[in-house]
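The block underneath contains the structure these notes are about, expressed in structure tokens.
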Amino acid sequence: MFDAMSNHWLMLSLGCVAGFLALVFVFDVFIQKKHTIMHNFPIVGHIRYWLETVGPEMRQYWVANDKEEMPFNRDERSWIYASAKGENNNFGFGTTEQIYGIGYPIIKHAVFPFPESKAEHVGDDPTYIPCLKVMGESHGRARPFQPQSVINISAMSFGSLGSKAVAAMNIGAKKANCFHNTGEGGVSPYHCHGADIMWQLGTGYFGARDRDGRFSIDVVAAKVEQNASIRCIEIKLSQGAKPGKGGILPGKKVTAEIAFARDVPVGVDCISPNAHSEFDTVDELIDWIEMIADRTGLPVGIKSAIGNGGFWKELAQRMRERRQGPDFITIDGGEGGTGAAPLAFADHVSLPFKIGFSRVYPIFQEAGISNDIVWIGSGKLGFPDRAVIAFAMGCDAIQIARESMMAIGCIQSLKCHTDHCPAGVATQNRWLQAGLNVDEKAERMARFIKSFRKELLSLSYACGYQHPCQFSGKEIEFSTGVNKFSQLHEVLGYTRDTTGLKETRSVNAAKPELVK
């Protein structure tokens, strides 16, 4: 019989399969004690767990409609991918949105738009949109910084993302002339391909510590002196993905290279403290900011998600009294971000961007110092319509994270925290990273930023403006009831500061000309 089986490949194959299934049956019923489903339904139970594993991909491609997925639906992802690839990013046959739904925004165009034929730009980039404010100028910093793009790459650490993803973003940022936020993991070699860098300092002070693991201003000053690309420093008080909790880098992502850079054990979860050790009060925070700014000469700002409002009132009051404090403030929305987070923090802690920003900005207006600060928005703002709303609310620039990940190939598999990112973006797995071509993805990153700015300018022109920061809220309405729309500034209860803009982009101008 065995000779017959060996001479017949089909029978041999069936025998092998039957033998394998028999072993699986024995393992499921008599050996493993962990899974009830596999015990009660041997062999077949494995299919259930496999289907659960590929569930996100099944829903993404076969089940969910174009507007249904979260956090980014298929239409949103399609626009990002097409923009990054330089393909047709237009849509046909009208909107599929529920335009009468509560909270739906409408941007009101002008009867006489600003003619695109009259638009002028600096250099050879027609998408150039500089920030109209200069970081550090109001506080007299030695090395002030004017961001050359209102659209920038938000905080994503080397560790959370792989080396190739970080490098592609930085090279792309240089090509698009925008800045690149390092995330709390610190300045890695992959952040140093020539783009302007916003160095983020979190509670772990990674890359800014002495041999005892404490924050060291000497280390910071030396690193700034050695790296001319570091243009500003951002102190992270909290972030939208997990406000009030420290950063979480799963042990699977803590390679020897990352462990060395952060001074932590290899393969062990790297969890930052939930609070800073260098300050406990508003005045101590301001003192710390001034110490860093004095030593480095750089503008220093803060980043925070929004919860309790008492801190912001005290900060505005002390900044007005002392004439010191952060040069820029990044408001992060509770919409989440790229990092791993406990479910309760991701879903329920901190206000969403529009609510959080609208509660903080007026506090500084009332204190008379809002114009002295560069306001940066963050939190799912990587689309032109959302960016317009952020600018109309008072932002001077925005930072985008997950949209940047998708620009270089992220497919929203929701596996960022597992080290199994199939696109090679949010992983340290060398095999998975091998498929990410840095040069090609850098081009995609640059094209996305430029395409974003191009559409942002088109919206500005349609409303009669040359710069998106000229939006005041009167040009935007929200559905606030059945057949009822209200202007944004009425909903907010305030109007953003005027830009004082006279001519946004003059021929051969080094920067926009402002009315003094």
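Structure notes:
- Check on residue 357, among the aromatic types (Phe, Trp, Tyr), open to solvent by less than 10 Å² (accessible area, probe 1.4 Å) and either touching a His at 6+ places or on another chain (Cβ under 8 Å) or farther than 28 Å from residue 89 by Cβ (or both): no
- Among the conditions (1) within 30 Å of residue 218 (Cα to Cα); (2) open to solvent by less than 30 Å² (accessible area, probe 1.4 Å); (3) modelled with pLDDT of 90 or more, residue 369 misses just one, which is (1).
- The listed residue being open to solvent by 20 Å² or more (accessible area, probe 1.4 Å) and either modelled with pLDDT under 90 or in contact with a His (Cβ under 6 Å, 6 or more places away or on another chain) (or both), out of 416, 421: 416
- Residue ranges of strands (runs of 3 or more DSSP E) in segment 86-200 with at least 3 members modelled with pLDDT under 85, open to solvent by 10 Å² or more (accessible area, probe 1.4 Å) and on the phi < 0 side of the Ramachandran plot: none
- Among residues of segment 428-465 being in contact with an Asp or Glu (Cβ under 8 Å, 6 or more places away or on another chain) and at pLDDT below 90, the one that is surrounded by the fewest Cβ atoms within 10 Å (Cβ to Cβ) is 429.
- Selected residue (criterion: modelled with the highest pLDDT) from residues of segment 58-74 that are assigned to a helix (DSSP H, G or I) and surrounded by 15 or more Cβ atoms within 10 Å (Cβ to Cβ): 74
- Conditions (1) open to solvent by less than 30 Å² (accessible area, probe 1.4 Å); (2) more than 23 Å from residue 176 (Cβ to Cβ); number of the one not met by residue 387: (2)
- Among the residues of segment 287-335, the ones that are within 26 Å of the chain's Cα centre (by Cα) and of a type in the set (Lys, Arg) come to 1 in all.
- The condition of being in a loop (DSSP other than H, G, I, E, B), closer than 25 Å to residue 146 by Cβ and under 18 Å from the mean Cα position of the chain (by Cα) holds for only one of 395, 421, 410, that being 395.
- The numbered conditions (1) in contact with a strand residue (DSSP E or B) (Cβ under 9 Å, 6 or more places away or on another chain); (2) farther than 30 Å from residue 432 by Cβ; (3) assigned to a helix (DSSP H, G or I) are all true for residue 218 except (1).
- Counting only helices (runs of 4 or more DSSP H) that fall entirely inside segment 241-350 and contain at least 3 residues that are at pLDDT 90 or above, the qualifying elements are 282-296, 310-322.
The values are calculated or read from the model by the stated rules, or taken from the named source; none is laboratory data. Keep in mind that what you see is a predicted model, and the values were worked out from it rather than measured. Note that we place each Cβ from the backbone using ideal geometry, even for glycine, and neighbour counts take in every protein chain shown. Keep in mind that these areas ignore ligands, DNA and RNA; they rest on the heavy atoms of the full protein, side chains included. Shrake-Rupley method; radii C 1.70, N 1.55, O 1.52, S 1.80 Å.
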